Amino acid sequence: MRKNDLINSLAKKGNTLTFEDALKVSNLSRESLRVFLLRLENRGIIERIEKGKYLIIPLGAEKGKYTLHEFIIGSTLIEPYSIAYWSALNYYGLTEQIPTTVFLQTTARKKNQDIKVFSVKYQVVKIKKEKVFGIRKEWIEETQINITDKEKTIIDCLDKPQYCGGIIEVAKALKNNKFDRKKLENYAQRIGNSGVLRRLGYLCELLNIKIKLPKLNTRNYLLLDPTMPEKDTKNARWRLIINLDDKMLGELE
C-alpha cells in the first residue's frame, strides 16, 4: 500500500493511529512497517505519542507545533480509561484551579504511570473493577472520550484526594451544588470506602447540604485530608481528624 493510501485509510478512523492498526491495513511485515512509519515520522507526516502510537499531522501543519487536546492524547495511552479526578473537576467547572497534569483512571496495569507527551504530564491511576461506574461520553474536537460524571468525580476525589489537589477542592465542588444528590448518595455507598462516606458527610454538614448516608460502624479515625499534615482536632460524629487550616474551612462555611 502506498504512503498516501495508508495514511488516508487510517485518518478515516481518527487523528491518531497505532502500529497494530497500520499493520492490519498495510499488508506489510512488522519490520517493513516499522521502517515505513519511521520514514513518515522523519518527514513530519506522523509524530510518536509513545511506543506504537502516533499522531497524524494534517497537511500544512508543522511537526512539533501541531497537537490535539490533551484528553484525546490521554485516551490513547491506556485502555480502558476515563478522564478523572482533578481533570474532570476542571472540565465540569467545579474548580477554578487548572491542573498541570491530566489524570487517567483505569483497571489496567501500565509500567510507566507518570507519562509526559508533547510537554503535557499524564498520571495513570489504577483502580479496582468494582470502582468502575459513573462514566459518560463527551465530544472533544470531534473525538469521543470517556470521562467520569460529576458525581463520580466528586466521589473519586474523596476516595483519593491526592489526585485532585486535596479535600479543599472537593469542598469547593460540593459548594458549587451542581450535582445530582441522589446519585451522589448512591455512588458514595457503591465505592466501598468508609472514608468517602465520612469525608462526604462532614463536608456536607459543614456546607449545610442535606444528604442521606448510612450510619458509621467504625471506631477508628482517619485524616480528613491525607495530603495535609496531621492535627489534634477530631470530629467524633464522622470519626475524622480535621487537619485542614481553620481559615480554609472558614471560607467554605
### Query
Using Cα atoms only, what is the angle between the long axis of helix 167-176 and the major principal axis of the chain, expressed in degrees (0 to 90) to the nearest 10?
90
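Translational diffusion coefficient, Stokes-Einstein: compute it for region 1-150 using the Kirkwood radius over C-alpha pairs as Rh, at 20 °C and 1.002 mPa s, and state it as an integer in µm² s⁻¹.
Numbers: Rh = 16.6 Å.
Calculated translational D: 129 µm²/s.
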### Task
Any cysteines in the chain with zero other Cys Cβ atoms under 4.7 Å from their Cβ? List them, or say none.
204
### Message
Checking the cross-link filter: which lysines have an alpha carbon closer than 23 Å to that of residue 116, excluding same-chain neighbours under 8 positions apart?
### Response
51, 53, 63, 65, 126, 160
### Query
Expressed as an acute angle from 0 to 90° and rounded to the nearest 10, what is the orientation of the C-alpha long axis of helix 181-190 relative to the principal long axis of the chain?
80
### Query
Does anything in region 94-132 have its amide N under 15 Å from the 7 Å Cα→Cβ label point of residue 209, and if so which residues?
94-96
#### Entry: Residues in region 95-112 that a label on residue 127 would reach, taking backbone N under 20 Å of a point 7 Å out along Cα→Cβ
95, 99-112
### Task
Classify region 77-163 as rounded, prolate or oblate from the Cα gyration tensor: take a ≥ b ≥ c as the square roots of its eigenvalues, call it rounded if a/c is under 1.5, otherwise prolate when a/b beats b/c and oblate if not.
rounded
### Task
Identify the GluC sites (Glu not before Pro) of region 81-160 meeting these criteria: DSSP loop state and at most 10 other C-beta atoms within 10 Å of the C-beta.
96, 141, 142
### Message
I'd like the orientation of helix 194-206 relative to the chain: the angle between its Cα long axis and the longest Cα principal axis, in ° from 0 to 90, rounded to 10.
### Response
60
### Task
Would you mind checking which residues have amide H under 5 Å from residue 223's amide H? H placed 1.01 Å from N; only 5 or more apart, or other chain.
241
### 10 °C / 1.306 mPa s Stokes-Einstein diffusion coefficient of the chain, Kirkwood radius on C-alpha pairs, µm²/s
78
### Task
Could you run the Karplus curve 6.51 cos²θ - 1.76 cosθ + 1.60 with θ = phi - 60° over region 138-152 and give me ³J(HN,Hα) per residue in whole Hz, x for Gly and Pro?
9, 9, 10, 6, 6, 10, 8, 10, 9, 8, 5, 6, 4, 5, 5
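Just so you know, all these numbers are worked out from the coordinates, no wet-lab data involved. It should be emphasised that the depicted structure is a prediction, and the values quoted were computed from it without experimental measurement. So basically every Cβ, Gly included, is an ideal-geometry build from the backbone, and we count neighbours across all protein chains shown.
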